[in-house]
There are 2 protein chains.
Amino acid sequence: MTEMNSNVLKVASSSNPNSVAGAIAGVIREQGRVEVQAIGAGAVNQAVKAAAIVRGFLAPSGIDLIVIPAFQDVEIDGEGRTAIRLIMEPRR
Amino acid sequence: MTEMNSNVLKVASSSNPNSVAGAIAGVIREQGRVEVQAIGAGAVNQAVKAAAIVRGFLAPSGIDLIVIPAFQDVEIDGEGRTAIRLIMEPRR
């Protein structure tokens, strides 16, 4: 599922990449930038697929979306985990 | 393992992200651009980790590395598969 929380889209391994791509496109159009967070290989894979898909959604509007990956320490149920944060924004 | 083939770095789920990051940095410094290919969630995850790591390697040289994800049809042992291609280049 995809959940919107303080401007971070959280992606799970069960997320549908097309749905995530739609959500990313919406945030990009409204806010110009989005951060997508994924924990674990399956979730990271869905997030990257969504990024590839949303580039196609945004290209006709002249938006060349780029991705900046980073590690992010997060706490899940009191345990420290390392998430992948994919910052997406138009190429400037 | 990481294998260099016609300017495409192939990353597997068993690849070490630090080693891949080093290989990416080398190609970026020599050729200015690299394409990283991964098939499957585990491999995509390692490739994204490598991208996050190599940004840190290149930042001191003033290189702000960005990632452009795309789908790529490939043939593996005669079977069609969809790979993820991560194009990495300095932000222009």
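The values are calculated or read from the model by the stated rules, or taken from the named source; none is laboratory data. Treat the numbers as computed from the prediction; the structure is a model and nothing was measured. So basically every Cβ, Gly included, is an ideal-geometry build from the backbone, and we count neighbours across all protein chains shown. Ligands, DNA and RNA are excluded from the accessible area calculation, which covers all protein heavy atoms including side chains. Shrake-Rupley method; radii C 1.70, N 1.55, O 1.52, S 1.80 Å.
Average accessible surface for region A:9-92: 44 Å² per residue, computed with a 1.4 Å probe over protein heavy atoms with every protein chain in place.
With one equal scatterer per alpha carbon and no solvent term, the Debye-computed log10 I(q)/I(0) for region A:35-80 at 0.19, 0.23, 0.24, 0.30 1/Å reads -0.69, -0.87, -0.91, -1.14.
Report the percentage of all Cα-Cα pairs in chain A whose separation exceeds 18 Å, rounded to a whole percent. More than 18 Å apart: 38 percent of the Cα pairs in chain A.
Of all accessible surface on the protein assembly as shown at a 1.4 Å probe, what whole percent is carbon and sulfur? Reported share for carbon and sulfur atoms: 46 percent. Over the residues of chain A, the helix contribution to mean residue ellipticity at 222 nm works out to -12000 deg cm²/dmol, using -39500 (n - 2.57) for each DSSP H run of at least 4.
Among B:G56, B:G80, B:G26, the largest mean-square fluctuation in a Gaussian network model of chain B (Cα springs under 10 Å) belongs to B:G80. The C-alpha atoms of chain A define a longest principal axis, and helix A:17-31 lies at about 70 degrees to it.
Could you work out the equivalent-ellipsoid semi-axes for the protein assembly as shown, taking the square root of 5 times each eigenvalue of the Cα gyration tensor, largest first, in whole Å?
So the three semi-axes of the protein assembly as shown are 23, 18, 18 Å.
State, in square angstrom and to the nearest 100, the accessible area buried between chains B and A, both chains counted, probe radius 1.4 Å. Buried: approximately 1800 Å² between A and B. By the rule of a C-alpha distance below 19 Å, with chain neighbours fewer than 8 residues away ignored, the aspartates and glutamates paired with B:K10 are B:E30, B:E35, B:D73, B:E75, B:D77, B:E79, B:E89.
To the nearest ten degrees, helix B:41-58 and the longest principal axis of the Cα atoms of chain B are 10 degrees apart.
When both region B:64-92 and region B:1-61 are represented by their alpha-carbon centers, they are found 11 Å apart.
Label point of A:E75 (7 Å along Cα→beta-carbon): distances to the other copies' equivalent points are 5.4 nm, sorted ascending. Scoring B:65-73, A:12-20 by mean Cβ neighbours within 10 Å over their residues and listing the highest first yields B:65-73, A:12-20.
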